[in-house]
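Reviewing the structure listed below.
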């Protein structure tokens with residue numbers, strides 16, 4: 001999952017009484033229908049167990065282990081993840097559908113090179129190639145672009161006076177990486193370097209995606225120390241060499257549905273199924289996958305028949321740039337067939353904060369009410385389009401979801417609310433090889449998964 005900005009205010013809130021079922025209410029304000037088949041949101045939550053969730057995580061870790069400890073798109077680990085989800089859904093009584101689509105995948109033909117003076121820094125240790133970087137072999141001066149600012153390179157005006165043919169050096173933050181690279185290329189940069197911010201969990205090289213093809217110049221993500229060194233010596237000469245090729249990769253979303261009693265707009269629960277190339281992705285996002293799978297399994301097992309259907313989706317290619325959820329959203333003949341989208345991305349961070357998306361107010365209220373009724377504090381999180389809810393939000397579909405934090409440091413206020421350690425990352429293993437089952441707080445994962453199943457059922461008109 002990409003980086004997000006977290007709102008400061010804690011939501012300790014009172015129980016929000018009478019949260020209306022999403023699709024069971026009518027235009028004139030009718031009350032929601034009663035419980036179907038005796039399955040209440042509380043009962044659904046009780047059926048979701050830590051043991052069941054961990055079982056899914058073990059399976060995902062096993063398929064990653066058979067593929068060099070990754071479940072990235074284009075690997076056996078991703079294909080094995082799809083196979084596992086299909087098997088689990090079918091065993092649970094569903095008839096899942098596959099949505100195939102193609103996505104551009106870039107592959108390094110050789111490790112990148114960054115040389116400064118006579119120094120050669122370490123690929124992987126000091127710098128990495130950003131996904132969808134262009135190719136090139138460039139020797140030029142390094143020119144910082146507002147490198148001390150919080151939105152370095154995010155505006156075209158940041159490049160006023162930039163010497164054409166130079167290497168642009170920018171600090172992470174303030175906008176998407178694609179925007180920084182696009183602005184640098186438009187200003188005549190021969191290559192672009194984006195260095196990490198240097199806070200807890202932000203010291204190593206930036207490992208990220210540009211989100212889509214379209215940048216022709218080489219783009220590297222640097223460690224904070226290397227970026228700081230280059231910032232301190234503007235105009236220093238450097239050589240940057242990147243050789244990548246792009247190809248179309250056929251990949252797959254998996255979708256299943258629990259039917260409702262009516263044909264009203266469904267509630268969709270989604271989680272991305274792929275990991276980054278550099279790790280097995282058990283928190284990011286095996287945890288979200290486990291929560292959605294377990295909700296699907298338990299609601300079917302209990303015989304739940306909500307007013308409207310509940311759809312379960314497992315997205316491909318989120319780590320490359322939200323491609324799976326976007327392909328699905330764009331395939332909808334009528335966006336009105338979906339009444340709400342609940343997204344679950346990273347639900348078991350070891351230094352967690354219990355975060356509720358600042359999305360649709362009714363969905364947000366339903367989640368905060370659920371947690372508040374159980375004495376579990378929450379905070380609001382502004383995702384700004386950085387996960388799989390975004391393509392649906394762009395279509396005007398109400399969205400919401402849950403999150404426990406990525407590599408951003410926990411605040412002192414969060415430490416008071418949730419425990420853990422302030423000034424340390426929520427998940428120090430974000431996007432790296434240590435994102436294994438041992439990296440997951442399964443207790444908070446169960447809390448988040450309980451809420452996912454219960455609120456989905458509530459919104460669907462239980």
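The values are calculated or read from the model by the stated rules, or taken from the named source; none is laboratory data. Quantities reported herein were computed from a predicted structural model and do not represent experimental measurements. Glycine also receives a Cβ, built like all others from the backbone with ideal geometry; neighbour counts cover every protein chain displayed.
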Practice task
Take residue 185 and decide whether it is touching a strand residue (DSSP E or B) at 6+ places or on another chain (Cβ under 8 Å), assigned to a loop (DSSP other than H, G, I, E, B) and not assigned by TED's automatic domain parsing to the domain that holds residue 277.
Solution key: no
Problem - Residues being over 14 Å from residue 234 (Cα atoms) and in a loop (DSSP other than H, G, I, E, B) - total across the stretch 160-182 - result: 9
Fill in the blank from the handout: Taking the stretch 163-173 and keeping residues surrounded by fewer than 18 Cβ atoms within 10 Å (Cβ to Cβ) and either under 14 Å from residue 218 (Cβ atoms) or in contact with a helix residue (DSSP H, G or I) (Cβ under 9 Å, 6 or more places away or on another chain) (or both) leaves 165
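Confirm whether residue 401 is assigned to a strand (DSSP E or B) and either at pLDDT below 95 or surrounded by 20 or more Cβ atoms within 10 Å (Cβ to Cβ) (or both). Step through it out loud before you land on a result.
Working: assigned to a strand (DSSP E or B): yes; either at pLDDT below 95 or surrounded by 20 or more Cβ atoms within 10 Å (Cβ to Cβ) (or both): yes.
Yes, satisfied.
Does the stretch 407-417 hold any residues that are modelled with pLDDT of 95 or more, farther than 10 Å from residue 379 by Cβ and assigned to a loop (DSSP other than H, G, I, E, B), and which are they? Full working, then the answer.
Of all residues in the stretch 407-417, those modelled with pLDDT of 95 or more come to 410-417.
Among the residues that remain, those that are also farther than 10 Å from residue 379 by Cβ are: 410, 412, 415-416.
Of everything in the stretch 407-417, just one residue is modelled with pLDDT of 95 or more, farther than 10 Å from residue 379 by Cβ and assigned to a loop (DSSP other than H, G, I, E, B), namely 410.
Show me the strands (runs of 3 or more DSSP E) found entirely inside the stretch 203-294 where at least 3 residues are outside the structural domain of residue 55 (by TED's automatic domain parsing), under 14 Å from the mean Cα position of the chain (by Cα) and crowded, with 24+ Cβ neighbours inside 10 Å. Talk me through it step by step, then tell me what you get.
Working: elements: 219-222, 237-242, 244-258, 266-272.
No strands (runs of 3 or more DSSP E) qualify here.
Looking only at the stretch 369-398, how many residues end up being within 18 Å of residue 266 (Cα to Cα) and outside any loop (DSSP other than H, G, I, E, B)? Please lay out each step first, then the result.
Quick first cut of the stretch 369-398, residues within 18 Å of residue 266 (Cα to Cα) only: 388-398.
Right, trim to outside any loop (DSSP other than H, G, I, E, B) and you get 390-394.
Looking only at that region, the number is 5.
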Fill in the blank from the handout: Counted residues in the stretch 58-108 being touching a residue at least 24 places away in the same chain (Cβ under 8 Å), assigned to a helix (DSSP H, G or I) and under 21 Å from the mean Cα position of the chain (by Cα) come to 11
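Filter the stretch 107-124 down to the residues that are at pLDDT below 90 and under 24 Å from residue 248 (Cβ atoms) and list them by number. If you could, list the steps in order and put the result at the bottom.
Initially, the stretch 107-124 is screened for residues at pLDDT below 90, giving 107, 117-124.
Within the stretch 107-124, just 107 meets the criteria.
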Problem - Residue in the stretch 419-428 that is more than 18 Å from residue 296 (Cβ to Cβ), part of a helix (DSSP H, G or I) and more than 20 Å from the chain's Cα centre (by Cα) present - result: no
Exercise for the section: Test residue 333 against the criterion of being surrounded by fewer than 23 Cβ atoms within 10 Å (Cβ to Cβ), free of Cβ contacts under 8 Å to residues at least 12 places away in the same chain and either in contact with a strand residue (DSSP E or B) (Cβ under 6 Å, 6 or more places away or on another chain) or assigned by TED's automatic domain parsing to the domain that holds residue 84 (or both), and give yes or no. Expected result: yes
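When the residues of the stretch 408-424 are filtered to those that are touching a strand residue (DSSP E or B) at 6+ places or on another chain (Cβ under 8 Å) and surrounded by fewer than 22 Cβ atoms within 10 Å (Cβ to Cβ), which remaining residue is nearest to residue 345 (Cα to Cα)? Can you show your working first?
Step one: list which residues in the stretch 408-424 are touching a strand residue (DSSP E or B) at 6+ places or on another chain (Cβ under 8 Å), which gives 408-411, 413-414, 417, 422-424.
Filter once more, so that each one left must be surrounded by fewer than 22 Cβ atoms within 10 Å (Cβ to Cβ): 408-409, 411, 413, 417, 422-424.
Details: 408: 15, 409: 17, 411: 20, 413: 22, 417: 21, 422: 22, 423: 22, 424: 20 Å.
Selected residue: 408.
Taking the options 134, 153, name whichever one is part of a loop (DSSP other than H, G, I, E, B), touching a residue at least 12 places away in the same chain (Cβ under 8 Å), outside the structural domain of residue 382 (by TED's automatic domain parsing) and touching a helix residue (DSSP H, G or I) at 6+ places or on another chain (Cβ under 6 Å).
On the way: 134 fails: touching a helix residue (DSSP H, G or I) at 6+ places or on another chain (Cβ under 6 Å).
Answer to the check: 153.
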Problem - Hey, residue 308 out of contact with any helix residue (DSSP H, G or I) (no Cβ under 7 Å at 6 or more places or on another chain) and either at pLDDT 95 or above or in the same structural domain as residue 95 (by TED's automatic domain parsing) (or both) or not - result: yes
